[in-house]
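*Asks:* I have a structure I would like to understand better, so I am pasting it below and will then ask my questions one at a time.
The values are calculated or read from the model by the stated rules, or taken from the named source; none is laboratory data. Every value quoted in this text rests on a predicted model; they were computed, and no experiment measured them. All Cβ positions, even for glycine, are placed from backbone atoms using ideal geometry, and neighbour counts span all protein chains on display. Surface accessibility is based on the protein's heavy atoms, side chains included, excluding ligands, DNA and RNA. Shrake-Rupley method; radii C 1.70, N 1.55, O 1.52, S 1.80 Å.
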Amino acid sequence: MLADVLPYLRCPVCGGDLAGGERVIRCTAGHSFDVARQGYAGLLTGDARAGTADTAAMVAARVEFLDGGHFAPLADLIAERAAAAAPAEGCVLDAGAGTGYHLGAVLDRLPGRYGVALDVSKHALRRAARAHPRAGALTWDVWRPLPVRTGSVGVLLDVFAPRNAGEFHRVLRPDGILLVATPAAHHLDELVGPLGLLTVDPRKAERVADTLGERFAPAGTWPLELPLRLTHGQVASLVAMGPSAWHTDPEALRGRITALAEPVRVTAAFEVRVFDSRDES
Ligand SMILES: C[S@@+](CC[C@H](N)C(=O)[O-])C[C@H]1O[C@@H](n2cnc3c(N)ncnc32)[C@H](O)[C@@H]1O
Ligand SMILES: [Zn+2]
């Protein structure tokens, strides 16, 4: 675990300062947390487990697909918007960071800044811990009070992950930004029917704005469409890394994918939104 990120964190039990690094992290009151061999810190202790953690198979599919560079323009857009609006201070916190792919892209654009990847999936964190030399990774459930100091975050990333508006607001600096990426309503439209995928709620953008509304002010929306030409294997990875992985039978899916004409033409569609933190008054 990267010691440089500890000043941005707090003990999840008592809120105290954390110190340590290689093997274990301790707070001033003696609460201690193991650092896994793969480099992430296990701050979420006990039997608390979010059922929404990505599985090993989902993470493997995500690594495979993202390594192919198909979503690189999305990472570029996120990094560009983060760099354009980031305040001069504060860390970059990636909530539901997955493999840390987007956090890595943002840190590349913000030299000298540190990043914290937070996720409930250990499989994802094994990757996130190595995502960038200036990033540290830890197990956490975003629905719990975050083990992050109040006002310590300059850029908060939430890319296809759950959003805890109250906690996001608390940890952000007053001049910090929240950057949210969601799939657009027509994301992967061409695959929805043939493969029986879940559809994106057409009111998604509205719901995001509703949950953030009281504490965050919209500062811009950037839509992005990526026309992709994929092999059957790439389509399988794309489906296996997303929410439909929870609801589709892998065997049946394989059969349906094989029936598609190759290369498979599909449109990935996203919306990247930047929000400013509102005053608490
Ligand atoms: C669709 S993936 C996106 C990962 C990453 N942001 C990306 O774009 O590659 C959603 C991630 O959120 C994580 N997640 C789900 N529920 C969570 C929770 N309650 N707290 C923290 N992470 C969570 C999953 O384990 C998964 O890694
Ligand atoms: Zn403590």
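*Asks:* How would W246, W140, W222 line up by accessible area, probe 1.4 Å, largest first? Show your work: numbers first, answer last.
*Replies:* On the way: W246 120, W140 20, W222 70 Å².
Largest to smallest exposure gives the sequence W246, W222, W140.
*Asks:* Taking the Cβ-Cβ separation of E80 and D189 as r and a Förster radius of 30 Å, what is the calculated FRET efficiency to the nearest 0.05?
*Replies:* After rounding, the FRET efficiency stands at 0.70.
*Asks:* Can you give the helix-only mean residue ellipticity at 222 nm for the chain, where every DSSP H stretch with n ≥ 4 adds -39500 (n - 2.57) and the sum goes over all residues, rounded to the nearest 500 deg cm²/dmol?
*Replies:* -8500 deg cm²/dmol
*Asks:* Take every DSSP beta bridge whose two residues both sit in the range 52-277, then give the antiparallel share in percent to the nearest 5.
*Replies:* In the range 52-277, DSSP labels about 50 percent of beta bridges as antiparallel.
*Asks:* Cα convex hull of the chain: mean projected area in nm², to one decimal?
*Replies:* 14.3
*Asks:* Using a Gaussian network model on the chain with a 10 Å cutoff between Cα atoms, which of H123, H102, H247 fluctuates the most?
*Replies:* Result for the chain, Cα springs under 10 Å: H247 fluctuates most.
*Asks:* Work out the length of the dipole vector of the chain about its Cα centre, built from +1 on the beta-carbon of each Lys and Arg and -1 on the beta-carbon of each Asp and Glu, and round it to the nearest 20 debye.
*Replies:* 500
*Asks:* If you don't mind, another one. Just to verify a number: what accessible area does F275 come out at with the full protein assembly present, 1.4 Å probe, Å² rounded to tens?
*Replies:* Ignoring ligands and nucleic acids, F275 comes out at about 10 Å².
*Asks:* Given the range 1-80, what whole percent of its Cα pairs are spread farther than 15 Å?
*Replies:* Tail of P(r) above 15 Å: 69 percent of Cα pairs.
*Asks:* Could you tell me the center-to-center distance, by alpha carbons, between the range 232-273 and the range 75-97 in angstrom?
*Replies:* 28
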